[in-house]
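Remarks on the structure that follows.
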Amino acid sequence: MRIRTILTLSALVLSVFIPYSGAQAQEKIRFGVLPVLQALPLFVAQDNKLFEKNGIQVELIPFNTATEKDVALTTGNIDGYFGDLLTAVVLQANRHNVRIVATSYDTRKDKRMFAVLGKPKCEYKSVSDLAGIPVAISSNSVIDFVTERLLTGNGVPQDKVAVVEAKNIGLRMQMLLSGQVEAATLPEPLATAAIGKGAILLADDSKLGESQTVLVFSGGYLDKKPAAVKAFLMAQNEASKLINENPDSARTTMVEHVRLPEHLKASYPVPRFPELAAPEKDNVQTIIQWLTKKGVISESLTYEQVVNASYLP
């Protein structure tokens, strides 16, 4: 009995001197990413061990296409992913239990995510000249949404918005530069690369404010490990702050992890990133309505069915 008492007291004494590392210290997150500019804070957080600093283990799992990433989430092979707002809405509408927890990147007046471009030496001056002219896009995607919004917002009647399917982004760029299509919508940094090769900028989404990139988790993971998700978002915020305070310090990480044309690796501006926030309700509703109108989803969703901002720092 005396020995048991001594051992119990010893354990209590030791517990006083062992530092507390947090309940989520051993939690692991498998997070899907694409090699794109908007994911830069995640790569910076990884390279600077900000996830470990916040008490979690994060495995960034690379994917080459958004479709592969979406399948991985819905089959439980990853816990969350980085992607566009539109896809998250589609997954939720198709009975996959996912939630957007934050907007990680949005367009600003001096920074675009997508641009509608005319072929080299074209006579088009703006997107208002594209009434009835097919624009190469990937249908039922964020690029489709942005293209329609830019055209109709600049005077093109809805029934005069014309598109042609070109899902492969690299092929779409080559079709534009070779004149096989009159116009195309491209993401950054390919838009900048195409302009450098003669494509004509007709419009971009820098003033649209609807091309949001979001962080998404499965509902099951959110329910089971809320502290780990909060720590993950803290690390992303810290990474964004590092980038904003010293953009050049992130260039090596950007060149290593982001798919950039070779001639832009030394000169392409490092993007600035906002503090994480909830997606704006009006933007989410606009996308839900657009997807419903296009027949991509069969039922309307509420903001609360798509977004859960309670994990934000």
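Among the listed pairs Lys197/Lys281; Lys119/Lys241; Lys167/Lys230; Lys121/Lys207; Lys69/Lys293; Lys230/Lys265, those with a Cα-Cα distance over 28 Å are Lys197/Lys281; Lys119/Lys241; Lys167/Lys230; Lys230/Lys265.
Taking only alpha carbon atoms, the range 114-204 gives an Rg to Rh ratio of 0.91, where Rh is the Kirkwood radius.
For Val307, the residues 5 or more places off, or on other chains, whose built amide H falls under 5 Å of its own are Ile100. The shape of the range 30-116 comes out oblate: with a ≥ b ≥ c from the C-alpha gyration tensor, a/c is at least 1.5 while a/b does not beat b/c.
What does the C-alpha gyration tensor say about the overall shape of the range 263-313? Classify as rounded when a/c is under 1.5, otherwise prolate if a/b is larger than b/c, or oblate. In terms of gyration-tensor shape, oblate.
The candidate values were (1) 58, 52, 33; (2) 94, 46, 29; (3) 63, 43, 39; the one computed from these coordinates for Cα extents along the principal axes in Å carries the label (2).
With a Förster radius of 51 Å applied to the beta-carbon distance between Thr292 and Glu123, the computed FRET efficiency rounds to 0.90.
Note on the chain: helix-only mean residue ellipticity at 222 nm, from DSSP H runs of 4+ residues weighted -39500 (n - 2.57) and normalised by residue number, equals -11500 deg cm²/dmol. Of all beta bridges that DSSP places with both ends in the chain, some 60 percent have antiparallel geometry. Based on the reciprocal of the average 1/r between different C-alpha atoms, the Kirkwood radius for the range 57-211 equals 16.5 Å. Arranged from fewest to most other beta-carbon atoms within 10 Å of their beta carbon, His96, His257 become His96, His257. Between Glu245 and Ala277, the simple spin-label model (points 7 angstrom out along Cα→Cβ) gives 2.2 nm. Computed extension gain for Thr67 through Gln158, at 0.36 nm per residue and net of the alpha carbon distance, reaches 29.9 nm.
Each listed q (0.09 Å⁻¹) maps to a log10 I(q)/I(0) for the range 132-263 from the Debye sum over equal C-alpha point scatterers, namely -0.39. The GluC sites (Glu not before Pro) of the range 103-169 that DSSP puts in a loop, and whose beta carbon has at most 10 other beta carbons within 10 Å, are Glu123.
The numbers here are math on the coordinates, done by the rules we state, and not lab data. What you see is a predicted model, and the numbers here were worked out from it, not measured in a lab. All Cβ positions, glycine included, derive from the backbone under ideal geometry; neighbour counts span all protein chains shown.
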